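Written out below as structure tokens is the structure these notes cover.
A short reminder: the numbers here are calculations on the coordinates, not readings from a lab. Because the structure is a prediction, the values reported are computed rather than measured. Note: ideal-geometry Cβ built from the backbone for every residue, glycine included; neighbour counts use all protein chains shown.
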Amino acid sequence: MNTQALGKQTIKFAHPPAIIGAASIVGEMEGQGPLAAYFDQIETDPTFGKESWELGESEMVRRAVQTAISKSGLTKEDIRYIFGGDLLGQLIGTTFGLKDFNIPLFGLYGACSTCGESLSLASMTVAAGYAQNVIAVTSSHYASAEKQFRFPLEYGNQRPLSSTWTVTGSGAFIVSSTNNQPMSNYPHISSITTGKIVDYGVRDSMNMGACMAPAAADLIYQCLEDTQMKPTQFDKIITGDLGKIGSEILIKLLLDNGYDIKKQHMDCGVSIYDNEKQDTHSGGSGCGCCAVTLAGYILHNLANHTWKRILFVPTGALLSTVSFNEGQTIPGIAHGLIIEQL
């Protein structure tokens with residue numbers, strides 16, 4: 001038996017899959033932030049040499065996957081499946097970026113939690129023996145996301161202080177089976193906790209942190225309950241893109257339920273920009289936010305043993321232009337992975 005179901009929502013792997021390669025491709029804004037040294041490529045052209053922002057996002061995805069494969073020492077023929085998705089309608093950022101790889105694809109939508117969803121499914125696939133090597137990839141682009149979900153950039157609308165800045169970036173990961181061989185030099189995904197849809201009735205699309213924080217709190221609480229672990233057993237508990245406001249809500253919600261994560265908590269949306277210099281208000285957001293932070297900064301700290309164990313919790317707001325314009329609430333979801341340097 002390769003896995004063990006724990007509690008209500010968690011799977012613990014008997015042979016934890018390894019992340020043997022990762023890549024992060026970002027835009028100019030991200031390259032001016034405090035994590036710049038950890039990214040593989042920083043592109044100053046917002047369209048990445050293409051004719052539109054959407055095609056530029058696809059180019060980011062293509063570069064991220066190709067770079068991750070190259071860094072792992074594999075070839076594309078060694079990859080059995082790709083799990084990928086983005087924020088754009090019909091996942092056009094992913095599909096147009098990956099169509100020439102000729103690798104079987106599962107298209108995913110988990111909003112900004114897609115990094116966690118894709119890594120979870122990739123881990124389950126290799127742990128079950130259905131593949132030796134699988135890719136998980138996701139992306140977002142500031143301009144394409146604003147165009148689809150809010151206002152075209154030409155409109156020049158004023159952004160409230162609760163808003164976040166969609167990260168232009170793509171992160172890709174090679175997840176490999178350890179069923180037949182140990183891989184002690186790589187970080188391993190020891191367990192996953194799959195999130196539920198949580199809806200607190202928030203309708204403000206300019207306050208993504210408030211939409212997603214309840215789902216993050218629910219996921220972290222359930223992961224700790226399922227695994228019987230304490231916050232102090234993690235070097236970091238890392239959320240995807242709650243920003244400053246969402247992070248405050250998260251810590252308060254967990255305190256109300258008996259868990260204090262304030263000392264361990266880190267949010268990728270808060271970390272990826274220098275808010276005083278870059279004026280991103282509440283911080284960063286988007287699928288690419290936690291993906292490029294994991295591929296660069298987080299895995300670096302695991303590789304050099306600065307951190308031994310983290311709980312990684314990408315968060316997503318499940319809205320579309322249709323649901324928002326029809327006055328629906330904005331539910332949230334989060335997915336969690338315990339990643340360790342074994």
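Quick notes on this structure:
- Projecting the Cα atoms of 101, 135, 120 onto the dipole axis of the range 1-142, where Lys and Arg carry +1 and Asp and Glu carry -1 at the beta carbon, places 120 farthest toward the positive end.
- Take every pair of alpha-carbon atoms less than 8 Å apart whose residues are at least six positions apart; their mean separation over the length of the chain yields a relative contact order of 25 percent.
- In terms of surrounding Cβ atoms within a 10 Å radius of their Cβ, 300, 335 rank from fewest to most as 300, 335.
- Packing-based exposure ordering (other Cβ within 10 Å, fewest first) of 96, 106, 173: 106, 96, 173
- Ratio Rg/Rh, restricted to the range 161-244 and using Cα atoms, in which Rh is the Kirkwood radius: 1.04
- DSSP beta bridges confined to the chain are antiparallel in about 65 percent of cases.
- Taking GluC sites (Glu not before Pro) as exposed when DSSP calls them loop and at most 10 other C-beta atoms lie within 10 angstrom, the chain has its longest site-free stretch at 52-325.
- The range 3-176 - Rg (one decimal) and Dmax (whole number), Cα, Å: 16.8, 53
- Measuring from each cysteine beta-carbon in the chain, the ones with no other cysteine beta-carbon under 4.7 angstrom are 112, 115, 211, 223, 287, 289.
- Theoretical FRET efficiency, 1/(1+(r/R0)^6), r = Cβ-Cβ of residue 303 and residue 181, R0 22 Å, to 0.05: 0.70
- Our Cα-only numbers for the range 187-341 put the radius of gyration and Dmax at 15.0, 49 Å.
- Distance violations [Cα-Cα > 21 Å] among 8/308; 76/236; 8/230; 12/308: 8/308; 76/236
- The relative contact order of the range 187-341, computed from alpha carbon pairs under 8 Å that lie at least 6 residues apart in sequence, is 39 percent.
- Ranked 184, 190, 144, 52, criterion: other C-beta atoms within 10 Å, fewest first: 184, 52, 190, 144
- Hull volume per residue, based on the alpha-carbon atoms of the chain and their convex hull, is 122 Å³.
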